[in-house]
1. Would you call residue 122 over 14 Å from the mean Cα position of the chain (by Cα) and more than 13 Å from the ligand (Cβ to nearest atom)?
2. Which of the residues belonging to region 126-153 are surrounded by 15 or more Cβ atoms within 10 Å (Cβ to Cβ), more than 15 Å from the chain's Cα centre (by Cα) and over 19 Å from residue 52 (Cβ atoms)?
3. If we keep just the residues of region 59-88 that are buried (at least 20 other Cβ atoms within 10 Å of the Cβ) and within 22 Å of residue 137 (Cα to Cα), which is farthest from the ligand (Cβ to nearest atom)?
4. Among the numbered criteria (1) without any contact (Cβ under 8 Å) to a residue 40 or more places away in the chain; (2) touching a helix residue (DSSP H, G or I) at 6+ places or on another chain (Cβ under 9 Å), which single criterion is violated by residue 27?
5. Mind checking which pairs have a first residue in region 154-171 that is without any contact (Cβ under 8 Å) to a residue 60 or more places away in the chain and a second that is exposed (fewer than 14 other Cβ atoms within 10 Å of the Cβ) and outside any helix (DSSP H, G or I), Cβ under 8 Å, 6 or more apart or different chains?
6. If we keep just the residues of region 1-30 that are buried (at least 21 other Cβ atoms within 10 Å of the Cβ) and assigned to a helix (DSSP H, G or I), which is nearest to the ligand (Cβ to nearest atom)?
7. Which pairs do you get when a residue that is under 18 Å from residue 149 (Cβ atoms), found in region 83-103, comes within reach of a residue that is part of a helix (DSSP H, G or I) and away from the ligand (no atom under 12 Å from the Cβ), reach meaning Cβ atoms under 6 angstrom, with the pair 6+ apart or on two chains?
8. Please list, ordered by first then second residue, the pairs with beta carbon atoms under 8 Å, 6 or more apart or interchain, first in region 130-150 and closer than 16 Å to residue 32 by Cα, second more than 9 Å from the ligand (Cβ to nearest atom) and not in a helix (DSSP H, G or I).
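What follows is calculated from the coordinates using simple rules that are stated; it is not laboratory data. The structure presented is a predicted model; accordingly, all values stated were derived computationally and were not measured. Note that we place each Cβ from the backbone using ideal geometry, even for glycine, and neighbour counts take in every protein chain shown.
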Ligand code: ADP
């Protein structure tokens, strides 16, 4: 099963991806985590991207795509994967389609986790990440609306989008996801 999770920062993508990863025994791939890993290890890539990540700017497509493609080719992704934070713009979505085609596969389902603004602010201010200052949060939400949200229509047109109401407890949202997947898988 190859899944993409879409949703604003704070929509709960990471939490839901972790749960689905356990349930289905397929890896949770978060490009945010992969990028933070490069920064923590102080790799040359990590040094180049830290300014962008800490300000809430997107990292360049070239860097993110290269890191993602390497990860997707690891053996544990063969039975499937859950993407969280990628793609984040239309260019990345086109890249993903081509990269998967080269691997003779494609995305099965895209889940859009929809939450109200008040839920987003509450969840992000309760988190303790370095790029979760109010100013950076506002910036990331703006980028989401302008650059990432068009992916909802893109995948809807492709016929693989499912909308999930994310304004409840994590357990309830997981149940909604599983029942929506039950109709497909
Ligand atoms: P959130 O969903 O809360 O914004 P993420 O961990 O997904 O958190 O992303 C954190 C940061 O990592 C982003 O603000 C951005 O700087 C960078 N990032 C993650 N994924 C991508 C991507 N696909 N393209 C470009 N930058 C990315």
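1. Numbers: over 14 Å from the mean Cα position of the chain (by Cα): yes; more than 13 Å from the ligand (Cβ to nearest atom): yes.
Yes.
2. Correct list: empty.
3. Once the filter is applied, the top-ranked residue is 83.
4. Going through the list (1) without any contact (Cβ under 8 Å) to a residue 40 or more places away in the chain; (2) touching a helix residue (DSSP H, G or I) at 6+ places or on another chain (Cβ under 9 Å), residue 27 breaks only (1).
5. 162/184; 167/116
6. Selected residue: 13.
7. The qualifying pairs are 93/154.
8. Pairs that qualify, where the first residue is closer than 16 Å to residue 32 by Cα and the partner is more than 9 Å from the ligand (Cβ to nearest atom) and not in a helix (DSSP H, G or I), are 148/6.
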